[in-house]
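Encoded as structure tokens, the structure appears first; notes follow it.
The values are calculated or read from the model by the stated rules, or taken from the named source; none is laboratory data. Remember, predicted model here, so these are calculated numbers, not experimental data. A quick note on method: Cβ atoms are made from the backbone with ideal geometry, for glycine too, and the neighbour counts reach across all protein chains shown.
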Amino acid sequence: KVLLLDEPFGALDAKVRKELRSWLHNLHKEVNITTVFVTHDQEEAMEVADEIVVMNKGRVEQVGTPAEIYDKPASAFVMSFIGPVNVLPNAAGLFASNGTTAHNNGAAHSDLVFLRPHDVEIQTKPQSGFALATVSRIIHLGREIQTELLLESEQVVTAYVSRERFDSLQLTRDQQVYVKPKHAMTFPAYSI
């Protein structure tokens, strides 16, 4: 009645794992069986699960659909665990006066800002509400480009941009740019 899988794809290469995730998803549709699938691979969990339970040190941090877990993390641990994230002190200069919506989860002014790399907006000309940064590294990942940006506060922010956006910005190493978070969340510093 229940299929229990404890990291069944752990020893396999990435391509085979991807194929098996698709196979397992299709199997669920065919046989309609409840499966408990234990994995430390967040992408794997997001792809095969209808519902995810995120655990930390034996304690349940959050239960929800993949979209709920990713878009509305209940804690700093969940946000850091599911997908890449920049963690910055509130005083990092990125939120000083830019009017960005940061969802405050009971956090105080001194707490941490969590910002996903795809939620970093980059401009090449000064604009109100944007913080100055320097492009310190550019990594071509295929369908997107990862940029590492050094803020004036010496904090490093990772940003993902599409190939098209990268080409339109014509980013180069050591270039000065202006950044602003499109969406961010705050959590208490002690909650990590």
Filtering segment 31-51 down to residues that are surrounded by 15 or more Cβ atoms within 10 Å (Cβ to Cβ) and over 16 Å from the mean Cα position of the chain (by Cα) yields T35, F37, T39, V48, A49
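Mind checking whether some residue in segment 92-107 is modelled with pLDDT of 95 or more and farther than 20 Å from F77 by Cα?
Narrowing segment 92-107 to residues modelled with pLDDT of 95 or more: none.
No, segment 92-107 contains no residue that is modelled with pLDDT of 95 or more and farther than 20 Å from F77 by Cα.
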Residues of segment 108-129 being within 12 Å of P181 (Cα to Cα), modelled with pLDDT under 95 and assigned to a loop (DSSP other than H, G, I, E, B), in sequence order, are G129
(request) Would you mind stating whether A159 is at pLDDT 95 or above, outside any loop (DSSP other than H, G, I, E, B) and touching a His at 6+ places or on another chain (Cβ under 9 Å)? (result) yes
Check: Taking R163, is it out of contact with any helix residue (DSSP H, G or I) (no Cβ under 6 Å at 6 or more places or on another chain) and surrounded by 13 or more Cβ atoms within 10 Å (Cβ to Cβ)?
Finding: yes
